[in-house]
Amino acid sequence: MTDAGVELFERLGAVEHVPLMKGASGTMLLELTGGKRIERWRIVVEKGEVAVARGNGPADCVLRADRTLFKRMASGRVNAFAAVLRGAVEVEGDPRLLVLFQRMLPGPRS
């Protein structure tokens, strides 16, 4: 997945601190489906400090989405919360983390 999704994860991992998230803490696991394998990414936020890594593990919130849909979310073409409301994305666990994750995604293109 060398695209908007990977670029988003690389950008978040490189930033390390997101001031907008300074009051937030939690772990989000993204499971991206499509094809024969599931790609997993973990985003850990601890009072604005952000760490991103590939792989599985415990999480406060799990987001499951089709890889193609996630690419559209990562590029700002699809709102993550709206995708959940439409049933295109599954969320398990603390939905507040999805709202926080939405803040890290780019906004819609004008």
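Where a number appears in this text, it was derived from the coordinates with a stated rule and is not lab data. Treat the numbers as computed from the prediction; the structure is a model and nothing was measured.
A few remarks follow.
- Gaussian network model of the chain, springs between alpha carbon atoms under 10 Å - residue of ARG40, ARG86, ARG67 with greatest fluctuation: ARG86
- Fraction of beta bridges assigned by DSSP in the chain that are antiparallel (%, nearest 5): 75 percent
- Top of LEU32, LEU98, LEU85 by mean-square fluctuation, Gaussian network on the chain, Cα under 10 Å: LEU85
- The stretch 51-110 versus the stretch 1-38: alpha-carbon centroid distance in Å: 9 Å
- Overall form of the chain per C-alpha gyration tensor (a/c, 1.5; a/b vs b/c): rounded
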